[in-house]
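First comes the structure, then the notes that go with it.
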Amino acid sequence: MASVAAGASLVFAVCAAALGQPPTWAELITGVKGMAATKAHGLEWPIVPAGKASTSNPTVKQCASWWNASAPAAARRSAAKAGPHPADITVMKTYGQVIGAGTHIHSFQCAYGIALGQRELLLAVAPLLGTKGPWRGQILTFPRPSRLNELRPRFNAVLGATGNLKLN
């Protein structure tokens with residue numbers, strides 16, 4: 001079952017790339033197994049999906065506004081250093097089941113990939129849109145810049161010197 005899901009994710013990622021769409025959350029983290037990850041300043045670590053269901057699937061525009069209005073100031077300042085930086089705003093979809101209760105959980109969280117350099121990518125995940133909760137994140141260091149360079153042309157936003165995200 002897991003291989004079917006992985007295969008479907010790969011097919012979706014290849015189709016999205018062919019259409020020139022912004023990278024999905026799955027694409028941002030593809031190939032990160034064994035990669036160096038460090039805590040991102042101002043964000044809680046590690047990244048974990050929301051433990052409760054969300055009622056709506058936010059738009060990329062809503063996610064940009066959510067970052068600009070609610071992301072921790074320390075995280076925004078730290079990420080904005082030596083900017084501007086290309087960024088990808090996407091929605092992380094999580095599906096789960098509460099064992100024994102027969103309840104299915106679907107949550108949709110705003111997720112962000114911000115290229116901090118040739119090999120570093122800040123991954124951040126917001127709490128559910130409109131709720132209070134921790135912002136989580138980590139910095140991934142790719143062994144070679146090639147993976148990040150593949151994704152960067154499809155990024156859909158820019159993180160400016162003030163730490164605000166602006167859609168392209």
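Give the residue that is nearest to N149 (Cα to Cα), with candidates limited to residues of the stretch 80-109 that are at pLDDT 90 or above and more than 14 Å from the chain's Cα centre (by Cα).
H85
For the stretch 76-168, give me every one of the strands (runs of 3 or more DSSP E) that falls completely inside it and has 1 or more residues that are touching a Ser or Thr at 6+ places or on another chain (Cβ under 7 Å) and surrounded by 13 or more Cβ atoms within 10 Å (Cβ to Cβ). Outline the logic, then answer.
Values: elements: 85-98, 103-115, 120-125, 136-141, 157-159, 165-167.
Output list reads 85-98, 103-115, 120-125, 136-141.
Exactly one of (1) out of contact with any Phe, Trp or Tyr (no Cβ under 8 Å at 6 or more places or on another chain); (2) within 13 Å of C63 (Cα to Cα) is unmet by A111. Its number?
If we test A111 against (1) out of contact with any Phe, Trp or Tyr (no Cβ under 8 Å at 6 or more places or on another chain); (2) within 13 Å of C63 (Cα to Cα), just (1) comes out false.
Mind checking whether some residue in the stretch 110-120 is under 17 Å from N164 (Cα atoms), among the acidic types (D, E) and modelled with pLDDT of 85 or more? I'd like the intermediate steps shown before the answer.
Taking the stretch 110-120 first, the residues under 17 Å from N164 (Cα atoms) are 110-116.
Then keep just the ones that are among the acidic types (D, E); that gives none.
There is no residue in the stretch 110-120 that is under 17 Å from N164 (Cα atoms), among the acidic types (D, E) and modelled with pLDDT of 85 or more.
The values are calculated or read from the model by the stated rules, or taken from the named source; none is laboratory data. On a predicted model such as this, the values are computed, not experimentally measured, just so you know. Cβ: placed from backbone, ideal geometry, glycine included. Neighbour counts: every protein chain shown.
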